[in-house]
Amino acid sequence: MTPQELSKLSDKELLEAAKNNKPSPIIDAFFIGFLVGILIYGAAANAWGFSFLLPLFLIYLLLKKPKKYEMLKNELKARNL
């Protein structure tokens, strides 16, 4: 979501989005470590195909999640919610 899309949401929708998008750092760290292990195994087995690109994409998504939550928190703070 972009900041413009967040500003168009109602207060109730914004609170619901923040509730559903709350990061869980321990679970995210576990999955990132697991995916890094898959990358290392794929590199050791010379498997540079799909098994290498999919974990990279999933790591990117997991790292992007806290940034979305930070934008939501900023919008909540701006609206005093």
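Give me the pairs: first residue in the stretch 24-45 and assigned to a helix (DSSP H, G or I) and modelled with pLDDT under 90, second residue surrounded by 11 or more Cβ atoms within 10 Å (Cβ to Cβ) and among the aromatic types (Phe, Trp, Tyr), beta-carbon distance under 8 Å, and six or more apart or on different chains, which are they?
Correct list of pairs: Leu39/Phe52; Gly42/Phe52; Ala43/Phe52.
Any idea which of Glu16, Glu75 is of a type in the set (D, E, K, R) and out of contact with any Ser or Thr (no Cβ under 9 Å at 6 or more places or on another chain)? Step through it out loud before you land on a result.
Values: Glu75 fails: out of contact with any Ser or Thr (no Cβ under 9 Å at 6 or more places or on another chain).
Glu16 is the lone residue from the list that is of a type in the set (D, E, K, R) and out of contact with any Ser or Thr (no Cβ under 9 Å at 6 or more places or on another chain).
In the stretch 1-34, what count of residues is obtained for those that are farther than 14 Å from Asn74 by Cα, surrounded by 11 or more Cβ atoms within 10 Å (Cβ to Cβ) and under 14 Å from the mean Cα position of the chain (by Cα)?
6
If you take the residues of the stretch 41-81 that are over 30 Å from Leu9 (Cα atoms) and exposed (fewer than 11 other Cβ atoms within 10 Å of the Cβ), which of them is nearest to the chain's Cα centre (by Cα)? If you could, list the steps in order and put the result at the bottom.
Narrowing the stretch 41-81 to residues over 30 Å from Leu9 (Cα atoms): 41-56.
If we keep only those that are exposed (fewer than 11 other Cβ atoms within 10 Å of the Cβ) as well, we get 44-46, 48-50.
Numbers: Ala44: 27, Ala45: 28, Asn46: 28, Trp48: 24, Gly49: 24, Phe50: 21 Å.
In this case the residue turns out to be Phe50.
The values are calculated or read from the model by the stated rules, or taken from the named source; none is laboratory data. Bear in mind that the values here come from a model prediction, so they are computed numbers and not experimental data. Cβ atoms come from the backbone with ideal geometry, glycine included; neighbour counts cover every protein chain shown.
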